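The values are calculated or read from the model by the stated rules, or taken from the named source; none is laboratory data. Keep in mind the model is a prediction, meaning the values are calculated, not measured. As a convention, Cβ positions derive from the backbone with ideal geometry for all residues, glycine included, and neighbour counts pool all protein chains shown. Calculation scope for accessible area: heavy atoms of the full protein, side chains included, ligands and nucleic acids excluded. Shrake-Rupley method; radii C 1.70, N 1.55, O 1.52, S 1.80 Å.
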Amino acid sequence: MRLLVTGGAGFIGANFVLATVRDRPDVRVTVLDSLTYAGSRESLAGVDTQIRLVQGDITDADLVGRLVGESDAVVHFAAETHVDNALADPEPFVRSNIVGTFTILEAVRHATASRPVRLHHVSTDEVYGDLELGDPAKFTESTPYNPSSPYSSTKAASDMLVRAWVRSYRLTATLSNCSNNYGPFQHVEKFIPRQITNILTGRRPKLYGTGANVRDWIHVEDHNSAVWKILTHGAVGRTYLIGADGECDNLTVMRTILRLMDRSPDDFDHVTDRAGHDLRYAIDATPLRDELGWRPAHRDFEAGLRDTIDWYRHNRSWWGPIKDAVEAAYQSRGQ
Ligand code: NAD
Ligand code: DAU
């Protein structure tokens, strides 16, 4: 299989590429990534002789058309992904997430005229908006879209484009909406790596608001095993929700990190809350489990956090050079 991976130098995409090269010698991987602030060549250093990395933008129709034309399948991870950045400047989110996905879809549509090209579009549970705290309800495939932020609204728009192209042009595409990922190679702007690297650099961790907000954590390797399962066995046109029953409030995650790093439970700062902060996400992944037989391998969140802390401890050269600038940007926003 000739596989094009967009956003393969980002957090989830790089983990996907590393696992693919390790486990699937029959797959030839091309990564298309513009290497924004969130993309890193270093994340792919271990496989750089086994893949092709093309630095380019998913809104570049000629380039995307050429690469899709050479591929049997496309897994589309590339996006602007950080909610706080979207609140500060939504324009790149509209461009990369909406226009970028449109460009991929058009390339797949044109390539499909001569031979089938399978597409998997990677999306987020944030398209469904949020749930109440303490409510037993979870997101399912039929939950109405109700995005709250500039980030989630652009992801929702991209999902709608994919669905319309499946219906109108019979694209062989699937979609997935996953909950919050954690694991190695995640940018230090995100919650878990930010707190770990704050502690490792002598800063105090930062909690938005009271920390009552709940996220449904899944290890990045489990997200990616689900993506492979859907790419190879998913029903065309279907949307699969990916989650591993990992609901936890932010204060508890914070205190677990502090304990695992031998700090006292109150050794953190409360900072300005995020505007429009979604309260709770929770995924019902029953169809993925029952119909496709997928199971998460990482069932112990605390063990996964311990491994993630170890990874950041031992890979300072990967995140150290960007840490000060990320914290300076947060500080300027009171976070
Ligand atoms: P990330 O921000 O770590 O990486 C995004 C990658 O996309 C980067 O390498 C960046 O350089 C690249 N990129 C951005 N705009 C581009 C453009 N215009 N052209 C080419 N490349 C571009 O993101 P991530 O956390 O790895 O997320 C990957 C995908 O998974 C996204 O679509 C995101 O919406 C989705 N997702 C993420 C999570 C999560 O918890 N991180 C959960 C569910 C879904
Ligand atoms: O649910 C999937 C989504 O998860 C993905 O689509 C997004 O791309 C990804 O960034 C993530 O979005 P969140 O906004 O949930 O993740 P983030 O790591 O930014 O924040 C997680 C929670 O922690 C959220 O409730 C805000 C809070 N937070 C975040 C930071 C950076 C803090 O309390 N302190 C912080 O310093």
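Things worth noting here:
- Flag for K138 being in contact with a helix residue (DSSP H, G or I) (Cβ under 9 Å, 6 or more places away or on another chain), among the charged types (D, E, K, R) and buried (at least 21 other Cβ atoms within 10 Å of the Cβ): no
- For the stretch 208-237, a residue qualifies if it is within 24 Å of T20 (Cα to Cα) and more than 19 Å from the chain's Cα centre (by Cα), and the qualifying residues are T232, H233, G234, A235, V236, G237.
- Evaluation of F16 against the conditions (1) among the aromatic types (F, W, Y); (2) open to solvent by 40 Å² or more (accessible area, probe 1.4 Å); (3) part of a helix (DSSP H, G or I) shows that the sole unmet condition is (2).
- Exclusive hit being more than 11 Å from ligand 1 (Cβ to nearest atom), within 16 Å of T308 (Cβ to Cβ), among the aliphatic types (A, V, I, L, M) and in contact (Cβ under 8 Å) with a residue 12 or more places away in the chain, set L200, L171: L200
- All told, V27 falls short of being in contact with a helix residue (DSSP H, G or I) (Cβ under 6 Å, 6 or more places away or on another chain), under 25 Å from R316 (Cβ atoms) and of a type in the set (A, V, I, L, M).
- Scanning the stretch 21-68 for residues that are out of contact with any strand residue (DSSP E or B) (no Cβ under 6 Å at 6 or more places or on another chain) and hydroxyl-bearing (S, T, Y) yields S34, T36, Y37, S40, S43, T49, T59.
- In the stretch 227-235 there is no residue that is crowded, with 17+ Cβ neighbours inside 10 Å and under 23 Å from R274 (Cβ atoms).
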